[in-house]
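Below is one structure, written out as structure tokens, with a few remarks after it.
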Amino acid sequence: MGSQVGDPLASEDQQSWKRKRCEEGSITAMQTKIDALRKDLAKLTWEYKMQKICETASQGPLGQNDSRDPSSIPPYRKRGSQVSLSNCADIICYMQAYGVLVCKQHHTAIVNLDKHLLRYHNVPALAQRQIVDCFSRLKALDPAEVKLPDKPAEAIEELGKPLTGLQCTTCVYITISKEQMRMHCKKDHQQAWKGDTSQLYSIVKVQSFFSTGGLQKYFKVR
């Protein structure tokens, strides 16, 4: 009795099925590799962004190749020393009379302690959380709620050296910008800014709790 010959169509179907399974396996393996590469790329992108943030914080807004005189950089834009849980009380203080946290190195009240520590002191994430928690028990007022001194008083040491300001002689408006004073006189008092304008304002010494973000409100000091 002769040997049975297998069905060539069935054999071909089996081979086709095997090829299809191999192709599906290859596609799955390739997709797995692509997903892994995407995760690696996302991680590298995040690390790169964090590195750039830290570099910006360490260089300040001028960068390393800026030709301007470093002494002209406002104190609040310079990089401060490293802040840690052990020395944070020496660098950041709470002024209870005004309800503000002040960085004594940058001479400015702090709106967001987390961001300030990262941007200007390059503090690692864990230390940031510890320091923020340390000061969380203190009530820091919203900038709009902070009350300024009523009358000229001694300069507040933590806010740094007083600035030269201009006070409107018609009202109590104070600025450190001559252009802002010009706009104020024209808009609020309809005063012409021509010729000798010195009678429109007086020169005064001023300070401000906040230094950035349009939160500056200047007050006179002696």
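The values are calculated or read from the model by the stated rules, or taken from the named source; none is laboratory data. Source: prediction; values computed, not measured. Every residue, glycine among them, receives a Cβ derived from its backbone with ideal geometry; neighbour counts consider all protein chains shown.
So, LEU118, is that one outside any loop (DSSP other than H, G, I, E, B), touching a residue at least 60 places away in the same chain (Cβ under 8 Å) and over 26 Å from ARG222 (Cα atoms) or not?
Criteria met by LEU118.
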*Just a yes or no: is a residue in region 99-120 over 23 Å from GLY213 (Cα atoms) and surrounded by fewer than 21 Cβ atoms within 10 Å (Cβ to Cβ)?*
no
_Checking ILE176 against (1) among the hydrophobic types (A, V, I, L, M, F, W, C); (2) closer than 21 Å to ILE91 by Cβ; (3) more than 23 Å from the chain's Cα centre (by Cα): exactly one of these is not met. Which one?_
(2)
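Might you check whether a residue that is in a loop (DSSP other than H, G, I, E, B), in contact (Cβ under 8 Å) with a residue 24 or more places away in the chain, surrounded by fewer than 17 Cβ atoms within 10 Å (Cβ to Cβ) and not assigned by TED's automatic domain parsing to the domain that holds ALA89 occurs anywhere in region 165-173?
The answer is yes; a qualifying residue exists.
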*Residues of region 175-214 satisfying the condition of being free of Cβ contacts under 8 Å to residues at least 40 places away in the same chain and part of a loop (DSSP other than H, G, I, E, B)*: SER177, GLN190, GLN191, ALA192, TRP193, LYS194, GLY195, ASP196, THR197, GLY214
*From the list ALA140, ALA144, ALA155, ALA127, which residue is touching a Pro at 6+ places or on another chain (Cβ under 7 Å), of a type in the set (A, V, I, L, M) and either touching a residue at least 12 places away in the same chain (Cβ under 8 Å) or under 20 Å from THR212 (Cβ atoms) (or both)?*
ALA155
*Would you mind finding the one in SER67, SER86 that is part of a loop (DSSP other than H, G, I, E, B), surrounded by fewer than 17 Cβ atoms within 10 Å (Cβ to Cβ) and at pLDDT 70 or above?*
SER86
*Could you identify the single residue in GLN207, GLN216, GLN128, GLN167 that is touching a Ser or Thr at 6+ places or on another chain (Cβ under 6 Å) and within 29 Å of ASP90 (Cβ to Cβ)?*
GLN216
